Amino acid sequence: MGRKILTGLVTVPGIRSFPVYRGEGGYMSVEKALCEMTPIDIIKEVTKSGLRGRGGAGFPTGLKWSFLDRKPDKPHYLVCNADESEPGTFKDRFLMENMPHLLIEGLIISSFALGANTCYIYVRGEFKYIIGLLNKAIREAYENKFLGENILGTGYSLDIFVHPGAGAYICGEETALLESLKGKRGNPRIKPPFPAYKGLYDCPTVVNNVETIATVGPIIIMGGEEYASIGKGKSTGTKLISACGNINNPGVYEIELGLPVEDFIYSQEYCGGIRDGKRLKAVVAGGSSVPVLPADLILSTPQGQKRLITFESMQEGGFDSGTMLGSGGFIVYNEDQCMVRNTWNFTRFYRHESCGQCSPCREGTGWMEKVLYRIEHGKGKVSDIDLLVSVANKIEGNTICPLGDAAAWPVASAIRHFRHEFEYHIEHPEICNRMDHGKLIEQPAASIKYR
Amino acid sequence: MINHHLYKKEGVNVAFSSKILEKVRLIIKRYPDGKQKSALLPILHIAQEESGGYLNVEIMDYVASLLEIQPIEVYEVATFYTMFNLEKTGTYLIEVCRTGPCAISGGEHILDYLEKKLNIKTGETTSDGLFTLKTTECLGACGNAPVMQVNTEYYEFLSNEKIDLILDTLKKMANGNKPEGSRWVEKF
């Protein structure tokens, strides 16, 4: 059993409500941070903890905070990114739904550390009921004087507002999110200037993921050093992993970073193995954007060591044989799934969600989708496979925001690891008429190792 | 995506009730002075719900006047975000998630079943005007796949039997009022 820093109290009945949460020791971190620490102390503690952004990029949070332009001539803002829309990722929803006060606690401490007096939580619009839940929790915090004017008599004031999105994946990108928060289309912009200098309303702004912020409270209580002692190497602490697909127990699990992928997928404590006694074929380990890996490569690194759930171990082998931890959204595929169909599905998603600003992404995602559609539906040509690789290569790195890369990587990695499935579709168009034709694809014995 | 209905007025008068206007004023106050445009997304959610599930030109112009911005600033936002409907939908807008995790967990079969059951194709509305069937991209509930949303409520762990039950319940509810606390204006 790993330590449960974020989810330890989830099973306490009524933990969503302020009195119960407070009774379990809630908001003690706010008292400690605001009454006993300076903003610089807090940033130092978070830096010491080694906490890295939980939204996908894994950037050190303390370092991000230290970039904030602290000149007092403009207001500072903290924006909490709760636009969770990466396919396979549903950890922030879990946290907001079950532990809303843990998030608010983190927001108060973080805002205090950053000198922000206003904080916005940007929640994806589809999470309407979570917006209601958050607003209820915020009201409770105001009633108990943890928000508003002069919190705990320290003279520090903070307002938190919930802002709904409206169904745009791209608004999870921080500059697009800030545009959206201004009431505009969610078009990302070129960085620099980084939001730490020019963010919301051209003021210094920090944008952090829900899970990142929620971890700040526990770090203040336990101390950065102790938090850093959990985990492995530069991947410190615990992380929420959302697991879905063909497994026995889909759900959100808090793990200590460094847990072997194999233990995560097969142990009864977590995913509980592959459903219906099937074999494991592939895993997308960090939300749909990261490269897909076949069973043998996700369970062990190219050097034959166990692959661990850490930022570093996931990347081992580069893009040839590695992937990324990303947001920690595990999508698990059994032997019956068709990788061509899945790649087409994801590409359609990215075509739909491309904001349309950059030509490589706007045109490239649509082009890849059409080519993948025809391969999947039995109309593909042999040259299509190289065409896909070529288009993906031309999108990657040539767009303002990472959506272009996110659209290119799943295609490139699926062809890299499952090229024979693409070829099989082209050579056997007759199988393509069935929706679930994945099980009909013959796998050459040497090319793929099921587990 | 821009459809030309956008430029045709329906000739209806729209205005929020005083209770909603009060809420709108509170929402605008959350943003700094002069940044009232920030309130556009929350207010469009309210506007869409109050005007029967879609945004017509009149309601968008009305929202523009409330926020003291140009109508085009509302149109460009309404056409960008997928949650805003520019055309009339059925009483219940059913949106089935079709993205990867749902698709490999039976989401495609759920869509098939709904098409057969409602006797319409995806994108169409039933002749009684009760149901519109659409697909949507990831709803962020992949652990509970397959998932769909009806208007803005989530329905998870779907199966054919569950779909039967949901459709029956919705039909019975069609003439009643919305359940307490489910409206956007109550969420803020």
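The values are calculated or read from the model by the stated rules, or taken from the named source; none is laboratory data. This one's a predicted model, so the numbers in the text were calculated from it and none came from an experiment. Reconstructed Cβ throughout: ideal geometry from the backbone, glycine too, with neighbour counts over all protein chains shown.
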Any hit, the stretch A:187-195, residues being surrounded by 24 or more Cβ atoms within 10 Å (Cβ to Cβ) and at the interface with another protein chain (Cβ under 9 Å from one of its Cβ atoms): no
Residue tally, condition part of a helix (DSSP H, G or I), in contact (Cβ under 8 Å) with a residue 40 or more places away in the chain and within 22 Å of B:Gly143 (Cβ to Cβ), over the stretch A:309-342: 3
Output for the stretch A:174-185, where each listed residue is more than 10 Å from chain B (Cβ to nearest Cβ) and under 16 Å from A:Phe127 (Cβ atoms): A:Leu177
Residue list for the stretch A:98-120, filter: out of contact with any Phe, Trp or Tyr (no Cβ under 7 Å at 6 or more places or on another chain) and either outside the structural domain of A:Ser66 (by TED's automatic domain parsing) or touching a residue at least 60 places away in the same chain (Cβ under 8 Å) (or both): A:Asn98, A:Met99, A:Pro100, A:Leu102, A:Leu103, A:Gly106, A:Leu107, A:Ile109, A:Ser110, A:Gly115
Hey, B:Ile120 under 21 Å from the mean Cα position of the chain (by Cα), aliphatic (A, V, I, L, M), surrounded by 22 or more Cβ atoms within 10 Å (Cβ to Cβ) and over 25 Å from A:Ser354 (Cβ atoms) or not: no
Those residues of the stretch A:73-91 which are more than 8 Å from chain B (Cβ to nearest Cβ) and not polar (S, T, N, Q), in sequence order: A:Asp73, A:Lys74, A:His76, A:Tyr77, A:Leu78, A:Val79, A:Cys80, A:Ala82, A:Asp83, A:Lys91
Selection within the stretch A:196-207 - outside any loop (DSSP other than H, G, I, E, B), within 13 Å of chain B (Cβ to nearest Cβ) and among the hydrophobic types (A, V, I, L, M, F, W, C): A:Leu200
Residue satisfying all of: in the stretch B:56-100; outside any helix (DSSP H, G or I) and more than 30 Å from A:Tyr350 (Cβ to Cβ); nearest to the other protein chains (Cβ to nearest Cβ) among these: B:Ile69
Subset of the stretch A:249-299 [within 24 Å of A:Met96 (Cβ to Cβ), of a type in the set (Val, Ile, Thr) and not in a strand (DSSP E or B)]: A:Val290
Any pair with Cβ under 6 angstrom, 6 or more apart, that starts in the stretch A:148-173 at a residue that is touching a residue at least 40 places away in the same chain (Cβ under 8 Å) and more than 14 Å from every other protein chain (Cβ to nearest Cβ) and ends at one that is of a type in the set (Phe, Trp, Tyr) and surrounded by 15 or more Cβ atoms within 10 Å (Cβ to Cβ): A:Tyr156/A:Phe112
Which numbered condition A:Gly380 fails, given (1) in a loop (DSSP other than H, G, I, E, B); (2) over 24 Å from the mean Cα position of the chain (by Cα); (3) within 29 Å of A:Ile265 (Cβ to Cβ); (4) of a type outside the set (D, E, K, R): (3)
Pairs, first assigned by TED's automatic domain parsing to the domain that holds A:Pro218 and at pLDDT 95 or above in the stretch A:28-40, second surrounded by fewer than 17 Cβ atoms within 10 Å (Cβ to Cβ) and aliphatic (A, V, I, L, M), C-beta under 8 Å, six or more apart: A:Met28/A:Ile221; A:Ser29/A:Ile221; A:Val30/A:Leu152; A:Glu31/A:Leu152; A:Lys32/A:Ile221; A:Leu34/A:Leu152; A:Cys35/A:Leu152
Output for the stretch A:336-373, where each listed residue is more than 17 Å from A:Glu173 (Cβ to Cβ), buried (at least 17 other Cβ atoms within 10 Å of the Cβ) and either more than 14 Å from every other protein chain (Cβ to nearest Cβ) or touching a strand residue (DSSP E or B) at 6+ places or on another chain (Cβ under 9 Å) (or both): A:Asp336, A:Gln337, A:Met339, A:Asn342, A:Phe346, A:Gly364, A:Trp367, A:Met368, A:Val371
Filtered residue count, the stretch A:137-171, keeping only those that are basic (Lys, Arg) and in contact with a helix residue (DSSP H, G or I) (Cβ under 8 Å, 6 or more places away or on another chain): 1
Any chance A:Leu158 is in the same structural domain as A:Leu78 (by TED's automatic domain parsing) and under 19 Å from A:Ser17 (Cβ atoms): no
The stretch A:131-155, residues that are among the acidic types (Asp, Glu) and more than 21 Å from A:Ser17 (Cβ to Cβ): A:Glu149
Of all residues making up the stretch B:27-55, the number that are buried (at least 20 other Cβ atoms within 10 Å of the Cβ), part of a loop (DSSP other than H, G, I, E, B) and more than 10 Å from the chain's Cα centre (by Cα): 1
Residues located in the stretch A:100-113, provided they are closer than 28 Å to A:Ile40 by Cβ, touching a helix residue (DSSP H, G or I) at 6+ places or on another chain (Cβ under 7 Å) and crowded, with 24+ Cβ neighbours inside 10 Å: A:His101, A:Leu102, A:Leu103, A:Ile104, A:Glu105, A:Gly106, A:Leu107, A:Ile108, A:Ile109, A:Ser110, A:Ala113
A:Val210 vs. criteria at pLDDT 95 or above, closer than 30 Å to A:Val20 by Cβ, crowded, with 21+ Cβ neighbours inside 10 Å and within 13 Å of chain B (Cβ to nearest Cβ): yes
Qualifying residue in the stretch B:2-16 (condition: of a type in the set (A, V, I, L, M) and within 14 Å of chain A (Cβ to nearest Cβ)): yes
